[in-house]
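Report on the structure given below.
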Amino acid sequence: MWLVEQRLGSASLEDGTAIRFAVAGRGPVAIYVPGWVSHLELGWAVPAERLFYEGLAKGRTLVRYDRPGCGLSGATSRTDIVELELEVLHAVATAVGADRFDLIGASFGAPLAVRWAARHPTSVTHLVLYGGWVDGAVVAAPGVREHVLGLVDQHWGLASDVLTEIFAPDADAGFRAMFSRYQQESAPAAWAHQLLAACYDIDVADDLGRIRAPTAVIHRRDDRAVPLAEGERLAAGIDGATLTVLAGRTHIPFAGDTHSVLNAMRRGLGLPPLDLRTRPALTPRQTQVAGLVAQGWSNRQIAEELVITERSAESHVERIRARLGFRSRAQIAAWYVASNPSG
């Protein structure tokens, strides 16, 4: 069985934009600032990602959210991405009743967390930054930036494949296929472009000196998406910050050696290390049904293929959802693709 379950909640910005967040675990509140794009339900369906969040939720009330335009949250026409994110953080913290909380930022979430911690220094008890940067302009050369942004606009499917190779070069075929689709389902191309441009534009050099929370900076040595030098700049600029350099070139925290990243984050939160658990298993028949769900088959089609009643097919799907703690067929599909590299 899984260690924890997530509970979905809602908050609203002043302009009425709906923000969905998920809560898991028990203990002091830790808010996780997402990277580029996110989807609360699909992320919870990916075995490695879910185990990673469960590990953070052991000893903390972990709060994750989808920013406007991503995942389960409402769309927005605003373009001031960073200021918008600060409003979202305030709304989510208010909704869960947290005046002080730990703040975890991964990838784009790291400089965003820095900006919040600089503006609201008394609200942050621990600051954990993974795979982050100070100046987005040095993350990629101008020509590379323009190429990637143009590719997102012109061919979101191909762009998501290219970005997956950058973010998780050592992942297996199942993970790469899942994560490519995950990005596309998390945000439409136009909004993904806006967010990626914001990643490149943000500069938090002037914020570092105003941070007062104990800070842990974590970076993989050969990260293909963000150079280690940027992690070193974060740690050097924040008074008293520690820097943990891990082996690997994968940018996504829940891919590659997830165990090391998780426990480095837990140390930054003042928590003891954990051993990762294996994912729950399905029966052979449930795995077969999950594979057909991943192909987009209806209960009627599954019943015809397996020579069972439609009600039996529906029951199989419901048992799979209960076993894995899922709410939708899309989560089952994402789980199956990530768990079965050979299809």
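Rank by packing, highest mean first: peptides 54-60, 157-163, with packing defined as the count of other Cβ atoms within 10 Å averaged across residues.
In decreasing order of mean packing, 54-60, 157-163 become 54-60, 157-163.
What does the charge add up to near Phe254, with Lys and Arg as +1, Asp and Glu as -1, over the other residues with Cβ less than 9 Å from its Cβ?
Working: positive: Arg50; negative: Glu49.
That works out to 0.
Compute the distance in nm between two label points, each set 7 Å from the Cα along the Cα-to-Cβ direction, one at His155 and one at Thr79.
Result: 2.7 nm between the two label points.
With runs of 4+ DSSP H residues as the only contributors, calculate the mean residue ellipticity of the chain at 222 nm using -39,500 (n - 2.57) per run, divided by the residue total and rounded to the nearest 500.
Working: 14 runs with 161 residues, N = 343.
So the calculated ellipticity at 222 nm is -14500 deg cm²/dmol.
Can you put Cys199, Cys70 in order, fewest other beta carbons within 10 Å first?
Details: Cys199 21, Cys70 24.
Listing Cys199, Cys70 from fewest to most nearby Cβ atoms yields Cys199, Cys70.
Using a 10 Å cut-off around each Cβ, can you sort Met178, Met265 from fewest to most neighbouring Cβ atoms?
Met265, Met178
Could you give the nm distance between label points at Glu318 and Ala281, where each point is 7 Å from its Cα heading toward the beta carbon?
Label-label distance for Glu318 and Ala281, simple model: 2.6 nm.
What does the charge count around Gln154 come to, taking other residues whose C-beta lies under 14 Å from its C-beta (Lys +1, Arg +1, Asp -1, Glu -1)?
Computed value for this residue: -3.
Relative to the compact-globule scaling 2.2 N^0.38 Å, provide the ratio for the alpha-carbon radius of gyration of region 284-339.
0.99
With an 8 Å Cα cut-off and a minimum separation of 6 or more residues, compute the relative contact order for the chain in percent.
Details: 673 pairs, mean separation 67.3, N = 343.
Here the relative contact order equals 20 percent.
Among Ala168, Gly157, Cys199, whose Cα lies farthest out toward the positive end of the dipole of region 155-211, if unit charges sit on the beta carbon of Lys, Arg (+1) and Asp, Glu (-1)?
Highest projection toward the positive end goes to Gly157.
Give me the net charge for the shell around His90: Cβ to Cβ below 12 angstrom, other residues only, Lys and Arg +1, Asp and Glu -1. Let's see the in-between values first.
On the way: positive: Arg119; negative: Glu14, Glu83, Glu85, Glu87, Asp99.
Counting the neighbours of His90, the net charge comes to -4.
Here are some values of Cα Rg over 2.2 N^0.38 Å: (1) 0.98; (2) 1.76; (3) 1.12. Which one was computed from this structure?
Given (1) 0.98; (2) 1.76; (3) 1.12, the structure-derived one carries the label (1).
Provide the gained length on full extension for the span Arg100 to Glu14, in nm with one decimal, where the gain is 0.36 nm per separating residue minus the Cα-Cα distance.
Net length gain for the segment: 28.8 nm.
I want to verify a result. In a Gaussian network model of the chain, Cα cutoff 10 Å, which of these has the top mean-square fluctuation: Gly174, Gly25, Gly143?
Gly143
Using +1 on the beta carbon of Lys and Arg, -1 on that of Asp and Glu, and nothing else charged, what's the dipole of the chain about the Cα centre, debye to 20?
On the way: 34 positive and 37 negative charges, 252 e Å.
I would put it at about 1220 debye.
Test of understanding: ordering Thr76, Thr309, Thr125, Thr215 by Cβ neighbours within 10 Å, fewest first, what list do you get? Could you put the intermediate results ahead of the total?
Details: Thr76 20, Thr309 11, Thr125 17, Thr215 26.
By the 10 Å Cβ count, ascending: Thr309, Thr125, Thr76, Thr215.
Bear in mind these aren't lab numbers, they're just calculated from the coordinates by the rules spelled out. What you are looking at is a predicted structure, and each value in this text was computed from that prediction instead of being measured. Methodologically, a virtual Cβ is constructed for each residue, glycine included, from the backbone with ideal geometry; neighbour enumeration extends over all protein chains shown.
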